[in-house]
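Q: One structure coming up, written as C-alpha cells, with questions to follow.
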Amino acid sequence: MADQPLRSVDDLIKAELIGENERAELSALEKRYAIALTPSVARLIDRDDPDDPIAAQYLPRVDELKEHPDERADPIGDQPHSPVEGIVHRYPDRVLLKLVHVCPVYCRFCFRREMVGPQGDGNLTKQQLATAIDYIASQQRVWEVILTGGDPLILSPRRLQDVAERLSKIEHVKILRIHTRVPAVDPARISDELIEALIQSEKLVYLALHANHPRELTSEVRAACTRLKNAGVVLISQSVLLKGVNDDADTLAELMRAFVETGINPYYLHHPDMAPGTSHFRLTIAEGQALMRQLRARVSGLCIPQYILDLPGGHGKVALGENAWKEVAPERYSILDRHGMEHLYP
Ligand SMILES: *Cc1c(COP(=O)(O)O)cnc(C)c1O
Ligand code: SF4
C-alpha cells in the first residue's frame with residue numbers, strides 16, 4: 001500500500017483513508033487547500049482509530065470549510081514585512097527566505113495554507129532569488145537567514161547547495177536555519193548528497209524540525225536526524241499545539257522526550273495561528289498555559305519548549321509566559337509584544 005505520494009481526494013479514497021461518501025464535500029475543499037501525504041506518513045496512520053493524531057494532521061475534513069471571523073489569509077501579517085519577493089524581514093537581525101511554496105505534505109492547520117500548494121505563489125524565479133540574496137547582502141544587521149516556505153528541503157541538493165554557497169559569501173550572515181518537515185515525513189530524502197549540500201555553506205546550520213506527535217519520530221526519522229547531527233547540523237524542534245493531536249500533557253511529554261532522545265532541542269511550541277478553516281484545532285491560551293504547567297511538572301528542563309504566539313497583524317512572536325498575557329473577557333486576551341505594547345487577541 002501507498003508507495004506513491006497521495007495528492008488528491010481521489011488518491012485518499014483509493015488508499016481507503018477516507019470514504020467514498022466524503023468525495024463530494026471534500027472535492028470542494030481540495031480546490032482551495034492542497035492535499036499531500038508522503039508514503040511514510042500514510043503508513044503511520046492507524047485506520048482503525050477515527051481520532052488518529054496523524055490522520056488529523058493531514059487528512060482533509062469538512063470542518064475546514066467553516067471559517068471563523070477572527071481568521072485571516074495572512075494570519076501572522078507577513079505581507080507588509082516583505083521588502084522583496086521571497087523575503088520577510090520583521091526582526092532586524094534575521095530574515096525569512098522563502099524559496100518554494102510547495103511541501104511534501106500539506107498540514108491541515110498550516111498558517112500559510114493560502115500561500116502554499118501547487119496553486120500557491122510558486123517558486124522564486126532565478127531573478128527573484130538573485131534580488132532576495134542581494135537584499136540580504138545589503139542589510140548589514142542580518143545575522144541569520146531562515147530558509148522556509150513551503151518546505152525548502154523539497155528542493156534538489158543542487159539547488160540547495162547553490163543557495164547555501166551564495167549565502168556563504170555574505171560575511172555578516174553567521175547562521176543558516178532551515179525550517180522543515182522533511183526528516184519527519186520523508187526521512188529517505190535526507191541523503192548524504194543533501195546533507196553535503198547543506199553543510200557547504202561554511203555557516204553554522206540549524207535545522208528546525210516540525211513534528212507534533214511522538215509517533216512521527218519513527219526509527220527511520222530518528223536515523224535521518226542522527227545523520228544530520230553527525231554532519232554538524234544543530235537540531236531544534238518546532239511543534240504546533242493542536243486539539244486532537246497533542247493537547248494532553250502525556251502526549252506532549254512523550255513528544256518532547258522523543259525530540260531530546262534524538263538530539264533535537266525543544267525550541268518552540270506554537271499556539272495555533274488564525275489560519276482560515278482551522279478553528280477545530282484551536283485551544284484557548286488558558287488551556288495551552290495549563291498544559292505547559294503540567295508539562296513542566298513532569299519532565300526534565302531539557303524537554304521544555306517555549307510556548308509561543310505569533311500575534312496577528314505582523315506584531316511578531318510572544319513567549320506566552322505567566323506575565324505576558326491576561327484574559328480580559330472570555331477567550332479574549334490582552335498580550336504584551338516584545339516592545340511592551342499591548343494587543344487584544346484574537
Ligand atoms: C518566526 C519568524 C522568525 C524567527 O523567529 P525566532 O523567534 O528567531 O525563531 C523570523 N522572522 C520572521 C518574519 C518570523 O515570522
Ligand atoms: S510543511 Fe509547513 S508550510 Fe508546509 S503545509 Fe505543513 S505547516 Fe504548512
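The values are calculated or read from the model by the stated rules, or taken from the named source; none is laboratory data. Remember, it's a predicted structure, so these values are computed and weren't measured experimentally. FYI the Cβ positions are ideal-geometry reconstructions off the backbone, even for glycines, and counts take in every protein chain you see. Keep in mind that these areas ignore ligands, DNA and RNA; they rest on the heavy atoms of the full protein, side chains included. Shrake-Rupley method; radii C 1.70, N 1.55, O 1.52, S 1.80 Å.
Q: Looking at (1) touching a helix residue (DSSP H, G or I) at 6+ places or on another chain (Cβ under 6 Å); (2) closer than 30 Å to residue 79 by Cβ; (3) among the acidic types (Asp, Glu), find the lone condition where residue 337 falls short.
A: Only one criterion in (1) touching a helix residue (DSSP H, G or I) at 6+ places or on another chain (Cβ under 6 Å); (2) closer than 30 Å to residue 79 by Cβ; (3) among the acidic types (Asp, Glu) is unmet by residue 337, namely (1).
Q: Taking the residues in region 167-221 that are more than 24 Å from residue 112 (Cβ to Cβ) and either outside the structural domain of residue 93 (by TED's automatic domain parsing) or of a type in the set (Lys, Arg) (or both) as candidates, determine which candidate is nearest to ligand 2 (Cβ to nearest atom).
A: My answer is 215.
Q: Shifting gears a bit: Being among the β-branched types (Val, Ile, Thr), in the same structural domain as residue 126 (by TED's automatic domain parsing), without any contact (Cβ under 8 Å) to a residue 60 or more places away in the chain and away from ligand 2 (no atom under 15 Å from the Cβ) narrows it down to one residue among 95, 88; which is it?
A: Working: 88 fails: away from ligand 2 (no atom under 15 Å from the Cβ).
Result of the check over 95, 88: 95.
Q: Would you be able to tell me the number of residues in region 138-150 that are more than 14 Å from ligand 1 (Cβ to nearest atom) and within 15 Å of the chain's Cα centre (by Cα)? Before you say what the answer is, go through the steps one by one.
A: The initial filter retains those residues of region 138-150 that are more than 14 Å from ligand 1 (Cβ to nearest atom), namely 138, 140, 150.
Add one more test, that the residue is within 15 Å of the chain's Cα centre (by Cα), and what stays is 150.
Of the residues in region 138-150, 1 are more than 14 Å from ligand 1 (Cβ to nearest atom) and within 15 Å of the chain's Cα centre (by Cα).
Q: If residue 337 satisfies all but one of (1) at pLDDT 95 or above; (2) touching a His at 6+ places or on another chain (Cβ under 7 Å), what's the number of the condition it fails?
A: (1)
Q: Give me the residue from region 121-137 that is away from ligand 1 (no atom under 16 Å from the Cβ) and touching an Asp or Glu at 6+ places or on another chain (Cβ under 8 Å) and, out of that set, modelled with the lowest pLDDT.
A: 124
Q: Looking at 65, 59, which one is among the aliphatic types (A, V, I, L, M), open to solvent by 40 Å² or more (accessible area, probe 1.4 Å) and under 24 Å from residue 104 (Cα atoms)?
A: Values: 59 fails: open to solvent by 40 Å² or more (accessible area, probe 1.4 Å).
On inspection, the qualifying residue turns out to be 65.
Q: All but one of (1) within 30 Å of residue 30 (Cβ to Cβ); (2) touching a His at 6+ places or on another chain (Cβ under 6 Å); (3) not aromatic (Phe, Trp, Tyr) hold for residue 140, so report the exception by its number.
A: In the conditions (1) within 30 Å of residue 30 (Cβ to Cβ); (2) touching a His at 6+ places or on another chain (Cβ under 6 Å); (3) not aromatic (Phe, Trp, Tyr), residue 140 misses (1) alone.
Q: Does any residue in region 130-141 that is over 11 Å from residue 95 (Cα atoms) and among the hydrophobic types (A, V, I, L, M, F, W, C) come within less than 7 Å, Cβ to Cβ, of a residue that is open to solvent by less than 40 Å² (accessible area, probe 1.4 Å) and in a loop (DSSP other than H, G, I, E, B) six or more places away or on a different chain, and which pairs are these?
A: Note: pairs meeting the criteria are 137/170.
Q: Only one of 281, 259 is open to solvent by less than 10 Å² (accessible area, probe 1.4 Å), within 30 Å of residue 334 (Cβ to Cβ), among the aromatic types (Phe, Trp, Tyr) and at pLDDT 95 or above. Can you tell me which? Can you show your working first?
A: Numbers: 259 fails: within 30 Å of residue 334 (Cβ to Cβ).
Checking each option against the conditions leaves just 281.
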